[in-house]
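Scroll down for the structure; my scribbles are underneath it.
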Amino acid sequence: MLENIENIELQYLTLDDYKELKEAMIQAYPSMPGSYWKESHIKSLIDKFPKGQVVIKINQELAGCALSIVVDYDAFDEVHTYTDITGNYTFSTHNDDGNVLYGIDVFIKSEYRGLRLGRRLYDYRKELVEQLNLRGIAFGGRIPGYHRYSHELSPKQYIEKVKRKEIHDPVLNFQMSNDFHPTKVVKGYLEGDENSGEFAVLLEWDNIYYTKQSKKAATKKKNVRLGLIQWQMRLYKDLEELMEQAEYFVDAVSAYRSDFALFPEFFNAPLMADNNHLPESEAIRELAKHTKEIVQRFSELAITYNINIITGSMPEMRDGLLYNVGYICKRDGNTERYEKLHVTPDEAKVWGMQGGNELRTYDTDCGKIGVLICYDSEFPELSRLLADEGMDILFVPFLTDTQNGYSRVRHCAQARAIENECYVAIAGSVGNLPKVNNMDIQYAQSMVFTPCDFSFPANGIKAEATTNTEMILIADVDIDLLRELNQFGAVKNLKDRRKDIFDLRKIKTKN
């Protein structure tokens, strides 16, 4: 057959194609006599939604067809019939302002099967959905092989066996191979479909590029620029001098049009030098007295320089207890607080620091983000919970004194990027701080990690700073690549989790 093919072309369906279309449908559905569309039906579809009706022609002969409408899918019950979705075959349910492309019919003539023509039709539908900014595709898939097993298997059991390749159902196998996932088994879906026992599988495909229309003027950015500040520990005479240095870095990363500035954990530790004569636990509580003003100053910088600032972390007193916290100072003036949940043995022993209780994602104009302070990045459950909430970028401000401590943070952070299909940005401090007890030396290399797949760097490293050198690191990340990875990646870590054998959830705690 291949040697006789001179031309394969995808075309919009016209009424001139009706005679061929009718003959092809009669051939495609031999078990359902009379199951072909009347010319009035085809005219109605073309009039209402011409882009949704396409044919594939080989050597100018009709080889396959795909018919569809756009519906407000939320207006239909989860269990609906073919009659419901088509408005009793009038297609009155078509809505130009709908949110889902609903597949009415798709078939390939038997002599042309095996040429992947069905995939071309499905690919066209997917591209059309992206162009129209629809939520996805849905349709009721027949299971024509079910009648051979209906005496021993329920539809659910039949579908499971098809998934496991124990039973071959050419229709269902093809649909699932094109990234459609079953959502519901419907009884009585298509009257007269005896081979399927009148059962159908509702299948859906999600448009990863879908953007829900907002009533606000703001939009979320898809290409995001990160500015990481690898902070040099040095002595400052007062808070004003420290904030001058902080503003210098904010100004620098803002000049490169960064969307985020990330500071390290305890970047303000040099201010403890004035209280070095006190016990360490008292000196850090004195440092905590600066936190409120520092957050206020950072919030002003975020607005002034049009950038979202992740403030690293600082000590903070609440209800008589000492915590390690940070703030997200957004460029719209809002601030959000995050806490270190796992304090290190040193933090607990030397400073008497407590672990926090709140874990959550944060909405920004660049998507959902999460923040885990240093040691928290070494507990994979935390980032997985954030990923379940839709996190795209994980920020990890850290402070490590030795290379082995840094290596723990670095390698755990990179693992978080892979297993959660997200970007991870880490930023730390470098240099020495001779006049502050318990903060003598620092070791860091700030980095941006990505998942490891074809659209990302092979080694999972987007950008890296020079080790132990004060500098800024600028890196761009594409949020849409994460959506593609989730749907089309070589492996799909988030989707492939065995939730049938384990459960991960947050437990409410008392603050």
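Just so it is clear, none of the values below were taken in a lab; they were calculated from the coordinates. Only a predicted model underlies this, so the values are computations on that prediction, with no experimental measurement involved. Note that we place each Cβ from the backbone using ideal geometry, even for glycine, and neighbour counts take in every protein chain shown.
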Expected unfolding gain across residue 358-residue 419 under the 0.36 nm per residue rule, minus the alpha-carbon gap, is 19.8 nm
FRET efficiency for residue 303 and residue 210, using Cβ-Cβ distance with R0 set to 56 Å, rounded to 0.05:
0.95
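Antiparallel DSSP bridges in the chain: what percent, to the nearest 5?
Values: 62 of 85 bridges.
In the chain, approximately 75 percent of DSSP beta bridges are antiparallel ones.
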Could you list the residues of region 448-465 with an amide nitrogen less than 13 Å from a label point located 7 Å from the Cα of residue 498 in the Cα-to-C-beta direction?
none
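Taking other Cβ within 10 Å of each residue's Cβ, how do 14, 364 sort, fewest first?
With the sparsest Cβ surroundings first, the list reads 14, 364.
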How many nm separate the modelled label positions at residue 317 and residue 478, each set 7 Å beyond the Cα in the direction of the Cβ?
5.1
Kindly state, to the nearest 0.05, the FRET efficiency for residue 113 paired with residue 43, given R0 = 41 Å and r defined as their beta-carbon distance.
0.90
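Would you mind calculating the gained length between residue 16 and residue 461 on full extension (0.36 nm times residue separation, minus the Cα-Cα distance), in nm to one decimal? Please list the in-between numbers first.
Numbers: separation 445, 0.36 × 445 = 160.20 nm, distance 5.56 nm.
Working it through step by step, the gained length comes to 154.6 nm.
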Counting just the Cα atoms, what span does region 223-488 cover along each of its three principal axes? Round to the nearest Å and put the largest first.
58, 37, 36
Can you compute the radius of gyration and Dmax for region 297-384, using only the Cα atoms, both in Å?
13.9, 40
Taking 0.36 nm per intervening residue step and subtracting the Cα-Cα distance, what contour gain separates residue 490 from residue 407 on full extension?
27.1 nm
For the residues 407, 429, 68, 150, what sequence is obtained by ranking on other C-beta atoms within 10 Å, fewest first?
407, 150, 68, 429
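At most 15 other Cβ atoms within 10 Å and a DSSP loop assignment: could you name the trypsin sites (Lys or Arg not before Pro) in region 452-511 that fit? Please report the intermediate quantities before stating the final value.
Numbers: sites: 462, 483, 492, 495, 497, 498, 499, 505, 506, 508, 510; in loops: 492, 495, 497, 498, 499, 505, 506, 508, 510.
Passing sites in region 452-511 are 492, 495, 497, 498, 499, 505, 506, 508, 510.
For every other residue with a beta carbon closer than 10 angstrom to the beta carbon of residue 42, add +1 if it is Lys or Arg and -1 if Asp or Glu, then tell me the sum. Before the final figure, lay out each step's value.
Details: positive: 22, 38, 43; negative: 17, 39, 47.
Around residue 42, the charge tally is 0.
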For region 242-255, in residue order, the Karplus 3J(HN,Hα) values (coefficients 6.51, -1.76, 1.60; θ = phi - 60°; whole Hz; Gly and Pro = x) are 5, 6, 5, 5, 4, 5, 4, 5, 4, 4, 5, 6, 5, 4
Helix 117-132 versus the longest principal axis of the chain: what angle, 0 to 90°, nearest 10, using Cα atoms?
50
Taking the convex hull of the alpha-carbon atoms of region 2-206 and averaging its shadow over every direction gives an area in square nanometres of 11.3
In percent, how large is the relative contact order of region 314-458, given Cα pairs closer than 8 Å and 6 or more residues apart?
16
When the scattering of the chain is computed by the Debye formula from its Cα atoms alone, each counted once and equally, what is log10 I(q)/I(0) at q = 0.06, 0.11 Å⁻¹?
-0.41, -0.93
Out of all DSSP beta bridges with both ends in region 2-206, state the antiparallel percent to the nearest 5.
90
Scalar couplings 3J(HN,Hα) for region 430-437 by Karplus 6.51 cos²θ - 1.76 cosθ + 1.60 (θ = phi - 60°), nearest whole Hz, x for Gly and Pro, are 10, x, 10, 9, x, 10, 10, 4
